[in-house]
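Scroll down for the structure; my scribbles are underneath it.
The values are calculated or read from the model by the stated rules, or taken from the named source; none is laboratory data. The shown structure was predicted, so the numbers you read here are calculated from the model rather than taken from an experiment. Please note: Cβ atoms are built from the backbone with ideal geometry, for glycine as well, and neighbour counts cover all protein chains shown.
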Amino acid sequence: MAKCYMLASMSSVLKHQHSAMATAVEIMQNLANLFGTQNRTAKSQAFRSIMTKSMKEGTSVWQRVMKMMSHLNQIEVLGGTIDPESQITIILQSLPPSFQQFKLNFEMNKWDYTLAELLTELQSAEDLMVQAKVAMLSLAPNSSGSKQTGPRPDLFR
């Protein structure tokens with residue numbers, strides 16, 4: 001019965017190729033041989049994307065983490081497994097040096113986040129870093145070399 005359902009759902013080319021096989025198990029094994037390498041290649045590419053790319057300074061942490069979560073999900077769909085703690089570690093390792101304090105706090109406080117919680121915390125940290133940078137720029141002396149406005153003190157002597 002399973003063999004009949006499998007053959008009925010296949011394209012005509014695959015149906016012709018598998019119709020002589022006696023059992024559904026034989027059909028499954030042959031399909032795995034035919035298409036299994038594509039799965040392995042796709043999983044390898046997803047792992048490579050996670051392990052070799054790091055976030056550039058100034059890019060959105062939200063975009064980076066969402067992309068990493070997408071790659072992790074793709075690995076899972078393809079049959080790979082990465083435990084949740086390792087997923088968090090992989091994402092943290094891909095962050096630029098500006099997140100060094102966040103990573104240090106994470107390790108020192110032994111925080112335990114889900115991926116969604118990590119994303120929220122990283123966004124908060126990024127917002128704080130942006131606010132601190134704006135505050136630093138507003139306190140910095142004017143380095144444009146512009147001349148003082150108003151009357152010159154040496155003219156009234």
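Annotation for the range 23-31: no member residue is assigned by TED's automatic domain parsing to the domain that holds Q123 and hydrophobic (A, V, I, L, M, F, W, C). Can you run down the residue pairs with Cβ atoms below 9 Å, 6 or more apart or on separate chains, where the first is in the range 110-131 and farther than 16 Å from P96 by Cα and the partner is part of a helix (DSSP H, G or I) and charged (D, E, K, R)? As it stands, the answer is W111/E117; W111/E121; D112/E85; Y113/E121, since those pairs meet every condition given. Checking each residue in the range 72-129 for being part of a loop (DSSP other than H, G, I, E, B), surrounded by 12 or more Cβ atoms within 10 Å (Cβ to Cβ) and over 14 Å from the mean Cα position of the chain (by Cα) picks out L78, G80, W111, Y113. A Cβ distance below 6 Å, combined with a sequence gap of six or more or placement on separate chains, defines the contacts here; from the range 2-24, residues that are in contact (Cβ under 8 Å) with a residue 60 or more places away in the chain reach no residue that is surrounded by fewer than 15 Cβ atoms within 10 Å (Cβ to Cβ) and in a helix (DSSP H, G or I). Could you tell me which residue of the range 1-23 is surrounded by the most Cβ atoms within 10 Å (Cβ to Cβ), considering only residues that are over 40 Å from the mean Cα position of the chain (by Cα) and assigned to a loop (DSSP other than H, G, I, E, B)? By that ranking, first place goes to M21.
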